[in-house]
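One structure below.
The values are calculated or read from the model by the stated rules, or taken from the named source; none is laboratory data. Computed from a predicted structure; not experimentally measured. Don't worry about glycine lacking a Cβ; one is built from the backbone with ideal geometry, like all the others, and counts go over all protein chains shown. When the accessible area is computed, the model is the full protein with side chains, heavy atoms only, and any ligands, DNA or RNA have been set aside. Shrake-Rupley method; radii C 1.70, N 1.55, O 1.52, S 1.80 Å.
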Amino acid sequence: MSNFDLKTYLEQRRVAVDTALDAALAMPPGDDPGRLREAMRYAVLQGGKRMRPVLTIAACEAAGGTEHQAMPAACALEMIHAYSLVHDDLPAMDNDLERRGKPTVHVAFGHANAILIGDALLTRAFRVLAQGTHASMAEAVTKLAEHAGIDGMVGGQALDLEAGQDIGDLAVLERVHALKTGGLYAAAGALGGLSAGIDADQVAALERYGLAFGIAFQHADDVLDDDQPSLREQAMARVDELTDECRTIAGRFGDNGQALVAIADWVQARAKRAASGDLSD
Ligand code: GRG
């Protein structure tokens, strides 16, 4: 475990991300048909760990870039994450009534609005990303579309719906995790690197960091939610392997990679705490 002060790092980046998201979703006075803008703000600005944007920033900083350079991509990722939660909570999917301690968007604003603001957040995410200034914007847009869409998060959600509750085969489970959860984290790693302007080899390493982190994150989430109980032991062994891989990749970036090391330590500790019965998260 590193001595890096992750708590302070996460809190500072979270505040910066919240400020940028607030500005990106500003309400023009008197222009809110159907309260859609209000619902978008409700979906995005009501808490959440902000792990995807923080990882985007940490990857950019590992690559020698700045928080400022990473922020458009960081906000884009959080908007896509927020849309996926709004749609996942709908009656046709998980039918959840509460998220982050508050009524879900479809409960507070109606089903049609929940569908519409998901669409609006997804499209707004690409506009926000396009406001970044780095040279490899076309590649960043392509990576985000790939990892968020049918070859990433959306495809993973479809696989998950098809696979059912207790999957029972680690390879199948990890395919779901890699797409559904790992997709956005892989995009976070890649877009962080692209925002800093590093070469393709290093971008690929950060993308792999994000993917390994995302799979480990979802294994930890399964333990917290008591999902996939028959694979618990194998999943915990995988968390160790995946976080080792994350630390090795982060090591390539020397001192700049310290936050990435600490974030890998955090997800491993989260899984272990949950497995030992501490579900406080
Ligand atoms: C509907 C296209 C579509 C995709 C849905 C996000 C998702 C895919 C499903 C939600 C259920 C779930 C367990 C997804 C895995 C990803 C995950 C762990 C989401 C929760 O992320 P956190 O813990 O949430 O980062 P906060 O609230 O901290 O942002």
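Give me the pairs: first residue in region 178-203 and touching a residue at least 60 places away in the same chain (Cβ under 8 Å) and closer than 28 Å to Gln157 by Cα, second residue more than 13 Å from the ligand (Cβ to nearest atom) and in a loop (DSSP other than H, G, I, E, B), beta-carbon distance under 6 Å, and six or more apart or on different chains, which are they?
Pairs found: Gly193/Ala63; Leu194/Ser136; Ser195/Gly65; Ser195/His134.
Among the helices (runs of 4 or more DSSP H) lying completely within region 132-220, list those that include at least 2 residues that are away from the ligand (no atom under 12 Å from the Cβ), of a type outside the set (A, V, I, L, M, F, W, C) and within 24 Å of Glu233 (Cα to Cα).
Output list reads 170-180.
Collect the residues in region 134-160 that are open to solvent by 40 Å² or more (accessible area, probe 1.4 Å) and at pLDDT below 90, keeping them in residue-number order.
Across region 134-160, the qualifying residue is only Ala135.
Counting only residues that are open to solvent by 80 Å² or more (accessible area, probe 1.4 Å) and either farther than 17 Å from Tyr9 by Cβ or modelled with pLDDT under 95 (or both), how many does region 244-266 have?
3
Can you tell me which condition Arg37 does not meet? The list is (1) among the charged types (D, E, K, R); (2) free of Cβ contacts under 8 Å to residues at least 24 places away in the same chain; (3) within 16 Å of the ligand (Cβ to nearest atom), and all the others hold.
That leaves (3) as the condition not met.
Does Ala190 satisfy the condition of being within 17 Å of the chain's Cα centre (by Cα), more than 22 Å from Leu45 (Cα to Cα) and open to solvent by less than 20 Å² (accessible area, probe 1.4 Å)?
Yes: the conditions hold for Ala190.
Could you list, ordered by first residue, the pairs with Cβ atoms under 6 Å in which the first is in region 136-163 and over 12 Å from Arg175 (Cα atoms) and touching a residue at least 24 places away in the same chain (Cβ under 8 Å) and the second is of a type in the set (Gly, Ala, Ser) and away from the ligand (no atom under 16 Å from the Cβ), at least 6 apart or interchain?
Hits for this filter: Lys143/Ala190.
Look through region 97-114, keep the residues that are open to solvent by 20 Å² or more (accessible area, probe 1.4 Å) and not in a helix (DSSP H, G or I), and return whichever of them is nearest to the ligand (Cβ to nearest atom).
Arg100
Does Ala269 satisfy the criteria of being modelled with pLDDT of 95 or more, open to solvent by less than 40 Å² (accessible area, probe 1.4 Å) and not acidic (Asp, Glu)?
So Ala269 fits the description; yes.
Please specify each residue of region 90-111 satisfying the condition of being without any contact (Cβ under 8 Å) to a residue 12 or more places away in the chain and either under 27 Å from Ala70 (Cα atoms) or of a type in the set (A, V, I, L, M) (or both).
Those that are without any contact (Cβ under 8 Å) to a residue 12 or more places away in the chain and either under 27 Å from Ala70 (Cα atoms) or of a type in the set (A, V, I, L, M) (or both): Ala92, Leu97, Val107.
Only one of (1) under 24 Å from Pro72 (Cβ atoms); (2) open to solvent by 10 Å² or more (accessible area, probe 1.4 Å); (3) touching a helix residue (DSSP H, G or I) at 6+ places or on another chain (Cβ under 9 Å) is not met by Phe213, so which one is it?
It fails just one condition, (2).
Only one residue in Ala130, Ala163, Ala171 is open to solvent by 30 Å² or more (accessible area, probe 1.4 Å), out of contact with any helix residue (DSSP H, G or I) (no Cβ under 8 Å at 6 or more places or on another chain) and of a type outside the set (Asp, Glu). Which one?
On the way: Ala130 fails: out of contact with any helix residue (DSSP H, G or I) (no Cβ under 8 Å at 6 or more places or on another chain); Ala163 fails: out of contact with any helix residue (DSSP H, G or I) (no Cβ under 8 Å at 6 or more places or on another chain).
That would be Ala171, the only listed residue that is open to solvent by 30 Å² or more (accessible area, probe 1.4 Å), out of contact with any helix residue (DSSP H, G or I) (no Cβ under 8 Å at 6 or more places or on another chain) and of a type outside the set (Asp, Glu).
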